[in-house]
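To start, the structure under review is shown below, and the notes come after it.
Since every read-out is calculated from the coordinates, none of them should be taken as a lab result. These numbers were taken from a predicted model, which means no experiment stands behind them. Every residue, glycine among them, receives a Cβ derived from its backbone with ideal geometry; neighbour counts consider all protein chains shown.
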C-alpha cells in the first residue's frame, strides 16, 4: 500500500510537469540525449521512475536536478511527448520550497529573488550574493570578472524597473499555483 | 519594417556587444526598433516554476502590439514558449489575473530571422563580402527548442545566412550540442568539459570563426576560451562572434559600432584576412 505522502508527491509532479509523465515507458531516450548524463546518478530516466513510484526523498535529494542544462533535447526526442526538463524544473521548485539546501538551489533562489525585487538581473550583485552562500566560487567568479570588467561588460549597479509590484505578483502569486 | 525590441538583461552587461551590434545592424538594414517599455527579465534558465516563467514573459509581451525581436536565444525560447503556454485558456486566465496590461497574443522573432529576410532582398547592402571565410555555425540549444520554426536538431538557417554573406558554413557536428552554460556557476567542471569539446571540434573542422546566437554560448566559448586553453594546455584561438557582429562586418560597419573590442578573443586577425581576400 503506497503511502499517502508518496501519492501526493506523484500527483504534484504530474500537475506541474504534465499528466503525460505517467505514460513513460522507460526507454531511456532522454538519458541517451542528455549532455550531462554521464555525471548523473540517478539518470534522468530513473528520476522519472522515482517520481512515478512516489519516492520523494530520492527524487529531490540528488545532483541530477542541478546537472540539467535545460537544453531540451530530451523533450524534443521523447517518444511519449513527455517533457523531462519540466519534471526536473518541478522537482527543483519543490526542493527549493522544502528548503533542501545546496549551492545550486541557492543560485536559483537568489536569481528569482532579484527578479522579484528589481525586475531584472544584474550579474555582479547576483554573483556577490551567491558568493555569500558559496564562497568556494570566488576563484571562478574572479577569473570571469577580470576577463569582462576591462571590456566594459560588468554592470555595477542594479536597474530597477517601474513595474516591480506587478513582477512581485507574478513571482509570488503565480508561484503559489 | 518596425519591430518591438526586447534586449534582455545581458544587454546591460556580459552581452553588451550583442546589444550594440543588434542595434547597429538593424539601423543599417532599415529595421526600426522600439525598445519594449519597462521590460523585465525573462527568467533565463533559472526560474523553474513554469507558470512564473510564463508570467514574466507575458508581462513583456503585453507592453506592445508590434512583433517582438530579440537577439538572445534564451529570451527567444522563453518568450516563444510563453506564447504557446498562453494559448491554454486556463494558463492565460491565471496569468492575466496578475498582469496590469493584459496579454492578448504576440509574435516573436529572432534577430537572425529578421536580418536574413532583409538581406535576401538587398544583396547590394553587402559592403564586405566574407569571401571564403570558414564559419562554424553554432546554434546551441534554445534557438530551435522546444518547438518552433526551425528543426530542433538539424536547423539550417545559420548556414543560409552565412552563405548570404558569401562566407563558407562548415559542416559542424556539434552545432546544436548544449554549451553547458546554464550550469556554469554551480557545476563549473561539467560545463567547462562541454565547452572545450565544442571548441576543439570547431578547431578540427578548420573554423576561422565561430558564430553564436546566444549570450551564454558566447560566454562559454569566447569569455572562457583563454582560461580553458590554459587549463587544458591546448591552443584554440578562434574568435567567437554574435551573428549580428558577423553580419555587421559584412555590412562594412566599424569595430566600435559592433563592440568588437569587447570580445575576449580578438576578431581583428580574422578581419584582416577578410579584407585581404576581398582585394585579391
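Listed values, structure above:
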{"quantity": "Packing-based ranking, highest mean first, of B:232-238, B:27-33 given that Cβ atoms within 10 Å are counted", "calculated": "B:27-33, B:232-238"}
{"quantity": "Rg and Dmax of chain A, Cα atoms only, in Å", "calculated": "18.4, 62"}
{"quantity": "For residues of A:69-81, the mean tally of beta carbons on other chains within 10 Å", "calculated": "6"}
{"quantity": "Volume per residue of the C-alpha convex hull in the protein assembly as shown, rounded to whole Å³", "calculated": "134"}
{"quantity": "Translational diffusion of chain B, µm² s⁻¹ [Kirkwood Rh, Cα pairs; Stokes-Einstein; 20 °C; 1.002 mPa s]", "calculated": "112"}
{"quantity": "10 Å Cβ neighbours from other chains, averaged over peptide B:91-98", "calculated": "3"}
{"quantity": "Translational diffusion coefficient (Stokes-Einstein; Kirkwood radius from C-alpha pairs) of segment A:103-175 at 37 °C, 0.692 mPa s, in µm²/s", "calculated": "247"}
{"quantity": "Computed helical MRE - 222 nm, chain A, DSSP H runs ≥ 4 contributing -39500 (n - 2.57), nearest 500", "calculated": "-17500 deg cm²/dmol"}
{"quantity": "Chain A: angle of helix A:164-175 to the longest principal axis, Cα-based, in degrees nearest 10", "calculated": "20"}
{"quantity": "Relative contact order [Cα under 8 Å, 6+ residues apart], segment B:124-279, whole percent", "calculated": "28"}
{"quantity": "Debye log10 I(q)/I(0) at q = 0.12, 0.14, 0.19 Å⁻¹ for segment B:1-133, Cα point scatterers", "calculated": "-0.49, -0.64, -1.05"}
{"quantity": "Using alpha-carbon coordinates, inclination of helix A:84-97 to the longest axis of chain A, degrees", "calculated": "70"}
{"quantity": "Sequence-separation-based contact order of chain A, relative, with Cα cut under 8 Å and 6+ spacing, percent", "calculated": "19"}
{"quantity": "Rel. contact order, % - alpha carbon contacts under 8 angstrom, at least six apart, chain B", "calculated": "21"}
{"quantity": "Nearest-ten-degree value, helix B:111-121 long axis tilted from longest Cα axis of chain B", "calculated": "60"}
{"quantity": "MRE, 222 nm, helices only [DSSP H, n ≥ 4, -39500 (n - 2.57), over chain B, to nearest 500]", "calculated": "-12500 deg cm²/dmol"}
{"quantity": "Least to most buried among A:142, A:154, B:220 (fewest other Cβ within 10 Å first)", "calculated": "A:142, A:154, B:220"}
{"quantity": "Rounded to whole Å, sorted largest first: equivalent-ellipsoid semi-axes of segment B:214-280, Cα gyration tensor", "calculated": "23, 15, 8"}
{"quantity": "For chain B, built as a Gaussian network whose Cα springs stay under 10 Å, the top-fluctuating residue of B:255, B:89, B:182", "calculated": "B:89"}
{"quantity": "Cα gyration tensor shape for segment B:98-142, rounded if a/c is under 1.5, else prolate or oblate", "calculated": "oblate"}
{"quantity": "Residue exposure sequence - B:192, B:280 - by fewest surrounding Cβ within 10 Å", "calculated": "B:280, B:192"}
{"quantity": "Overall Cα dimensions of segment A:24-106, principal axis frame, Å, largest first", "calculated": "34, 25, 19"}
{"quantity": "Residue exposure sequence - B:268, B:69 - by fewest surrounding Cβ within 10 Å", "calculated": "B:268, B:69"}
